[in-house]
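One structure is given below, encoded as structure tokens.
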Amino acid sequence: MELRIINTFLHIAELRSFSRAARELGYSQSAVSAQIAQLEAELETPLFDRVGKTVRLTDAGQTFLSYARTLLATSEQAKAALQPARQVGGTLRIALADSLCSAFLPDLLQRYHALCPQVELVLHSATADEMMQWLGTNQVDLAYTLDEPLVQPSIVRALDIPESICFVAPAGHPLAAKDAVTLEELARQEFLLTERGMSYRDALDQVLEAHQLSIKPYLELGSAALLCQMVERGLGLSFLPEYIVRDALAAGRVARLNVPDCTVTMRRQLFYHKDKWLTPQMKAFMELAQQSPAEDTC
């Protein structure tokens, strides 16, 4: 039973598609089908039901799933055990939210590289759904996200820090002088917002919908740091994590608006899969993230 075939099985189980798994792994679809056929022959039982374009685990496949994850985790543990004592090396793969990159990553990566200079870091910007999928298929080791509290039986939370999301306007904007701003007033302003599907953008849309209002931004971007810079230039208002705009607020380049009808807090969370063996490089990163100086100012 080959580990590469076990890995292919886990990808198909998570993606529910032979073709998507083939693309993710860089195989042809025929090669993926041949690997699963070989595995099913070895186990003497079908692992997937293939009805039309639908792929689902059989009962046997569902039973084998946890064993497959354990097999891969044990393999990683064996490789790490053969490394020289006290030497932390290998690769660390992290999926993370875009807004965390500019605010927390530079300092964290600097300290991590100083501690573990032989570790190769591979970073992927992703949505929360993509992160959970990649953890399940062992495509990443850790997921660092800003979202609502995520609770899944298959994931373990190593970090959970509340982060405020706030409305910001250019310095000198008429609304900045008001003690409080209503949602109705905001709905008449020009906005620059993150893309739909991002956690705090969705939370804002839900609050507005509850008040039968909507904001139609003239520009949507995935980069929260770039949005803050555009607000500083007077191009509109935005709704961003406080840690993104903290320096601009302190310097007086933007103003935070008090909007009593919209109080949103997200959670900065670090996850790994429950079946994942914690490598030394994973443990080192989690410990540094938990000690991050930026947390003291949140």
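The values are calculated or read from the model by the stated rules, or taken from the named source; none is laboratory data. Every value quoted in this text rests on a predicted model; they were computed, and no experiment measured them. When we count neighbours, we look across all protein chains shown, and the Cβ atoms used for this are built from the backbone with ideal geometry, even at glycine. Note: accessible area is taken over every heavy atom of the protein model, side chains too, but ligands, DNA and RNA are not part of it. Shrake-Rupley method; radii C 1.70, N 1.55, O 1.52, S 1.80 Å.
Restricting the search to strands (runs of 3 or more DSSP E) fully inside the range 21-102 and requiring at least 3 residues that are touching an Asp or Glu at 6+ places or on another chain (Cβ under 7 Å) and on the phi < 0 side of the Ramachandran plot gives 91-96. Within the range 262-279, being of a type in the set (Val, Ile, Thr) and either under 21 Å from LEU72 (Cβ atoms) or part of a strand (DSSP E or B) (or both) holds for VAL264, THR265, THR279. Evaluation of VAL259 against the conditions (1) outside any helix (DSSP H, G or I); (2) under 23 Å from CYS101 (Cα atoms); (3) among the hydrophobic types (A, V, I, L, M, F, W, C) shows that the sole unmet condition is (2). The residue of the range 103-145 that is farthest from THR91 (Cα to Cα), among those that are assigned to a strand (DSSP E or B) and open to solvent by less than 10 Å² (accessible area, probe 1.4 Å), is THR145. Each residue in the range 13-45 was checked for being surrounded by 18 or more Cβ atoms within 10 Å (Cβ to Cβ), touching a strand residue (DSSP E or B) at 6+ places or on another chain (Cβ under 7 Å) and at pLDDT below 90, and 1 pass. Of all residues in the range 187-241, those being in a strand (DSSP E or B) and more than 21 Å from ALA255 (Cβ to Cβ) number 1.
Pairing residues of the range 176-189 that are under 15 Å from LEU204 (Cβ atoms) with residues that are open to solvent by less than 40 Å² (accessible area, probe 1.4 Å) and of a type in the set (Ser, Thr, Tyr), at Cβ distances under 6 Å and at least 6 apart in sequence or on separate chains, gives no pairs at all.
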